[in-house]
Amino acid sequence: MLTTTDISIGQLVKSKAGRDKDRTFIIIAIIDDQYVTIVDGDLRRVEKTKRKKIRHLSKINRVSEAIQQAITESELTNPLVRREIERLGVNTPSQLGGVSVNG
């Protein structure tokens, strides 16, 4: 089972449940051992983040250093988030290196 020690800020994830199922997001905060805050720069913008349970996410083995740096410098923007998701090339199912959260 995926835990907060298995993920990091800037980690790309894919939603497995909810209205946003199959969408790619970036983790911008780890709230506790069950919840993270995610954005995608489009449906979930930086101004209105989404709190989501870790068990409803699949980990994608890619981390955006640009996002990590932007969060540290308080300069996170929606265009940056969209650009990083596109740059890391995770929008097609064949490019996903996902790990199931529930085993």
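The values are calculated or read from the model by the stated rules, or taken from the named source; none is laboratory data. Fair warning: this is a prediction, and the values are worked out from it, not measured in the lab. Virtual Cβ from ideal backbone geometry, glycine too; neighbours counted across all protein chains shown.
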Across region 8-20, the tally of residues that are among the aliphatic types (A, V, I, L, M) and surrounded by 21 or more Cβ atoms within 10 Å (Cβ to Cβ) stands at 2
Hey, among the residues in region 70-103 that are under 20 Å from ASP6 (Cα atoms) and assigned to a loop (DSSP other than H, G, I, E, B), which one's modelled with the highest pLDDT? LEU88
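Name the one entry in ILE60, ILE67, ILE38 that is surrounded by 13 or more Cβ atoms within 10 Å (Cβ to Cβ) and outside any strand (DSSP E or B). Can you show your working first?
Details: ILE60 fails: outside any strand (DSSP E or B); ILE38 fails: outside any strand (DSSP E or B).
Of the residues listed, the single one that is surrounded by 13 or more Cβ atoms within 10 Å (Cβ to Cβ) and outside any strand (DSSP E or B) is ILE67.
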For region 1-20, which positions are outside any strand (DSSP E or B), touching a Lys or Arg at 6+ places or on another chain (Cβ under 9 Å) and under 14 Å from HIS56 (Cβ atoms)? MET1, LEU2, ILE7, LYS16, ALA17, GLY18, ASP20
Which members of region 32-44 meet the condition of being out of contact with any Lys or Arg (no Cβ under 6 Å at 6 or more places or on another chain), at pLDDT below 95 and not acidic (Asp, Glu)? LEU43
How many residues are surrounded by 15 or more Cβ atoms within 10 Å (Cβ to Cβ) and either under 9 Å from the mean Cα position of the chain (by Cα) or assigned to a loop (DSSP other than H, G, I, E, B) (or both) when one looks only at region 21-35? 6
